Amino acid sequence: MDLKQIKQLDQQYYMPVFGERLPVCFTHGEGATLFDTDGKKYTDFLAGIAVNALGYSDEGFIKTVQAQAAQLIHTSNYFYNEPQALLAEALCKKSGMDRVFFANSGAEANECAIKLAKMRAYKKGMKTANFVALKNSFHGRTLATLSATGQDKFHQPFEPCTYNWTYVAANDQSGMKDAINADTCAVMIELIQGEGGVHPLDAEFIDLIEDLCNKNDALLIVDEIQTGMGRTGKFLGCQQAEGVHADIITMAKALGGGIPIGACLAKEKVASAFSPGDHGSTFGGGQLACAAALYTVKRIDDKMLYHITDLGNYFKTVLVALKDRLPHAVADVRGLGLMLGLELTESFSATKIRSTLLEEGFIVGTAGANTLRFVPPYIITKPDIDELVFALVKLLQ
Ligand SMILES: *Cc1c(COP(=O)(O)O)cnc(C)c1O
C-alpha cells in the first residue's frame with residue numbers, strides 16, 4: 001500500500017485522538033535508520049518515544065523473540081512462567097528492589113503503583129487517599145494516572161479525579177513542604193520530566209521529598225518509565241549520583257525493546273500490602289514480552305551504559321555549543337544521557353522544526369513548551385549526531 005491509501009483508511013476508521021499524523025509511514029528499519037513507503041531513509045532520534053533502545057533489526061533480539069514465539073507466547077498468570085521468573089529476578093537485582101508486578105504499559109505499571117500505595121494506606125487505617133505529584137508531570141492515560149498527571153488539559157474533561165492529588169511545581173521546596181503531611185499516602189515523581197519538556201529535578205529537591213516522605217511515612221514512587229533502562233546512563237535514573245531511595249519504581253517504554261511490557265517494582269515492606277486477588281493482569285508478564293525484556297535488560301550492561309553516558313555527553317556538549325552560537329534560536333539545553341531537550345526561543349516553532357527535520361530525514365520529538373526532544377536508540381553514533389546538528393544549524397540561522 002502507498003501512504004495515501006494508508007492515510008485514507010486511518011482517517012476514516014481510527015478514533016481522531018492522534019489527529020493528522022506526521023506524513024510518513026515506515027516499513028522497516030536497520031540499526032538507527034528507518035525506511036518509509038517510498039524507500040526514503042531517516043535517522044531516528046525518537047526510538048518510538050524512548051522505546052526502541054536497541055534500534056531496529058537487532059539480530060539477538062529478533063532471534064530471542066522468534067524462538068520464544070515459536071515455543072510459547074502466553075499461558076496466563078494461573079501458571080508458573082520461566083521467562084517471567086527470570087525477568088523478575090533480573091529486574092529486582094538490577095534495581096535493588098525486592099518484588100515486581102508485570103503489566104503491559106507504562107500507565108498500567110503506574111496504576112499498579114497507585115493501587116499498591118492506596119492498599120498500604122488502607123491497611124494502615126487511612127480513610128482518604130491523598131497523593132502528591134508534580135505540575136507538568138506525565139504519568140499516563142488511564143483514569144488514575146491521568147489524575148497523577150499535573151497538567152489540567154489532560155484530566156479536566158475526565159474529572160472527578162481518582163483520589164486527591166496535590167500538584168507542586170518541580171523544584172518548589174516550600175510548596176513540597178506544604179503538600180506532604182501525615183495524611184499523605186504517596187508522592188509520585190519523574191526524575192526528569194519527559195513529556196513535560198525534559199526538565200530534570202534538582203538533587204536538593206529530591207532529597208527534600210525523600211526526607212518528607214520518611215518523616216510522614218509516605219511512599220516515594222519514582223516513575224522511571226522513560227528514565228529507566230539505561231536512558232540516562234545508569235540502569236535507573238535513581239542510581240545517578242548519591243542515589244534516590246524509592247519505595248516503588250515503575251518501568252516500561254524501553255523495557256521490552258519494542259514489545260509492550262511495564263513493571264512495578266517495590267520494596268518488600270510495601271509489596272507485602274498486596275494479598276492474592278488484590279491485583280492482576282491477563283496479558284501482563286506473558287512469555288513473549290518477558291523473554292524480549294530479559295534479552296533487552298541483559299544488553300543494558302556496563303559497556304552499554306558507558307556508551308550511553310559518552311554519547312550523551314558528546315550530544316549535550318554539541319547542543320550547548322549550538323546554544324552559544326545561536327542564542328537567538330536556542331533558549332535552553334536540558335537532560336542527561338540520551339534523554340535531551342533543546343528548548344527554542346519564541347522566534348522558532350519546535351513542531352515546525354520537527355516537520356522540516358523529518359523532510360530532511362531526521363526523526364525527532366517535541367515535548368513541553370517549544371522543546372525538541374531527543375531520545376535516540378542507544379546504538380546511535382557520533383556521526384549521526386553530527387549530521388543532525390548540522391541540519392539544525394541550517395534551520396536555526
Ligand atoms: C510514556 C510515559 C508514561 C505512560 O506510558 P504508556 O506506556 O504510554 O502508558 C508514564 N510515565 C512516563 C514518565 C512516561 O514517559
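The values are calculated or read from the model by the stated rules, or taken from the named source; none is laboratory data. Computed from a prediction, not measured in an experiment: that's the story for all the values here. So basically every Cβ, Gly included, is an ideal-geometry build from the backbone, and we count neighbours across all protein chains shown. All accessible areas refer to the heavy atoms of the entire protein, side chains included, with ligands and DNA or RNA removed. Shrake-Rupley method; radii C 1.70, N 1.55, O 1.52, S 1.80 Å.
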- Message: Looking only at the stretch 168-185, filter to residues that are open to solvent by 60 Å² or more (accessible area, probe 1.4 Å) and touching a residue at least 12 places away in the same chain (Cβ under 8 Å); which one of those is nearest to the ligand (Cβ to nearest atom)?
- Response: 173
- Close pairs (8 angstrom Cβ cut-off, 6 or more residues apart or separate chains): open to solvent by less than 40 Å² (accessible area, probe 1.4 Å) in the stretch 67-92, among the charged types (D, E, K, R) anywhere: 88/99; 90/298; 92/98; 92/99
- Query: So, of the residues in the stretch 222-245 that are assigned to a loop (DSSP other than H, G, I, E, B) and free of Cβ contacts under 8 Å to residues at least 40 places away in the same chain, which turns out to be farthest from the ligand (Cβ to nearest atom)?
  - Reply: 242
- Give the residues of the stretch 110-119 that are within 16 Å of residue 220 (Cβ to Cβ) and either crowded, with 24+ Cβ neighbours inside 10 Å or within 13 Å of the ligand (Cβ to nearest atom) (or both), sorted by residue number. 110, 112, 113, 114, 116, 117
- Query: Pick from the stretch 151-167 the residues that are farther than 28 Å from residue 278 by Cβ and under 22 Å from the mean Cα position of the chain (by Cα): which of them is nearest to the ligand (Cβ to nearest atom)?
  - Reply: 151
- Query: Is the stretch 129-150 home to any residue that is in a loop (DSSP other than H, G, I, E, B) and more than 14 Å from the ligand (Cβ to nearest atom)?
  - Reply: yes
- Criterion (among the hydrophobic types (A, V, I, L, M, F, W, C) and within 16 Å of the ligand (Cβ to nearest atom)) met by exactly one of 212, 255, 208, 219: 255
- In this structure, is residue 297 touching an Asp or Glu at 6+ places or on another chain (Cβ under 8 Å) and either open to solvent by less than 60 Å² (accessible area, probe 1.4 Å) or at pLDDT below 95 (or both)? no
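Here is a yes/no grid of residues against (1) in contact with a strand residue (DSSP E or B) (Cβ under 8 Å, 6 or more places away or on another chain); (2) within 30 Å of residue 83 (Cβ to Cβ); (3) in a helix (DSSP H, G or I):
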{"position": "294", "(1), (2), (3)": "no, yes, yes"}
{"position": "298", "(1), (2), (3)": "no, yes, yes"}
{"position": "309", "(1), (2), (3)": "no, yes, yes"}
{"position": "312", "(1), (2), (3)": "yes, no, yes"}
{"position": "318", "(1), (2), (3)": "no, no, yes"}
{"position": "331", "(1), (2), (3)": "yes, no, no"}
- Please indicate, with yes or no, whether at least one residue in the stretch 241-249 is out of contact with any Pro (no Cβ under 6 Å at 6 or more places or on another chain), open to solvent by 40 Å² or more (accessible area, probe 1.4 Å), modelled with pLDDT under 95 and within 30 Å of residue 212 (Cα to Cα). yes
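Before we move on, is residue 106 within 22 Å of residue 253 (Cα to Cα) and either loosely packed, with under 13 Cβ neighbours inside 10 Å or away from the ligand (no atom under 16 Å from the Cβ) (or both)?
Numbers: within 22 Å of residue 253 (Cα to Cα): yes; either loosely packed, with under 13 Cβ neighbours inside 10 Å or away from the ligand (no atom under 16 Å from the Cβ) (or both): no.
For residue 106, the condition - within 22 Å of residue 253 (Cα to Cα) and either loosely packed, with under 13 Cβ neighbours inside 10 Å or away from the ligand (no atom under 16 Å from the Cβ) (or both) - is not met.
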- Item | Options 271, 263, 289: the member that is surrounded by fewer than 24 Cβ atoms within 10 Å (Cβ to Cβ) and touching a strand residue (DSSP E or B) at 6+ places or on another chain (Cβ under 8 Å) | 271
- Query: Quick one: would you say residue 194 is within 16 Å of the ligand (Cβ to nearest atom) and at pLDDT 95 or above?
  - Reply: yes
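Okay, residues lined up against (1) open to solvent by less than 10 Å² (accessible area, probe 1.4 Å); (2) part of a loop (DSSP other than H, G, I, E, B):
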position: 156; (1), (2): no, no
position: 161; (1), (2): no, yes
position: 187; (1), (2): yes, no
position: 197; (1), (2): yes, yes
position: 207; (1), (2): no, no
- State all residues of the stretch 246-256 that are in a loop (DSSP other than H, G, I, E, B) and either farther than 23 Å from residue 131 by Cα or within 14 Å of the chain's Cα centre (by Cα) (or both); if no residue qualifies, say none. 252
- Residues of the stretch 105-161 being farther than 25 Å from residue 18 by Cα and of a type in the set (Gly, Ala, Ser), in sequence order, are 113, 117, 121, 125, 129, 133
- Looking only at the stretch 172-185, count how many residues are of a type outside the set (S, T, N, Q) and not in a helix (DSSP H, G or I). 5
- Only one of 386, 332 is open to solvent by 60 Å² or more (accessible area, probe 1.4 Å) and either of a type outside the set (Lys, Arg) or within 19 Å of the chain's Cα centre (by Cα) (or both), namely 386
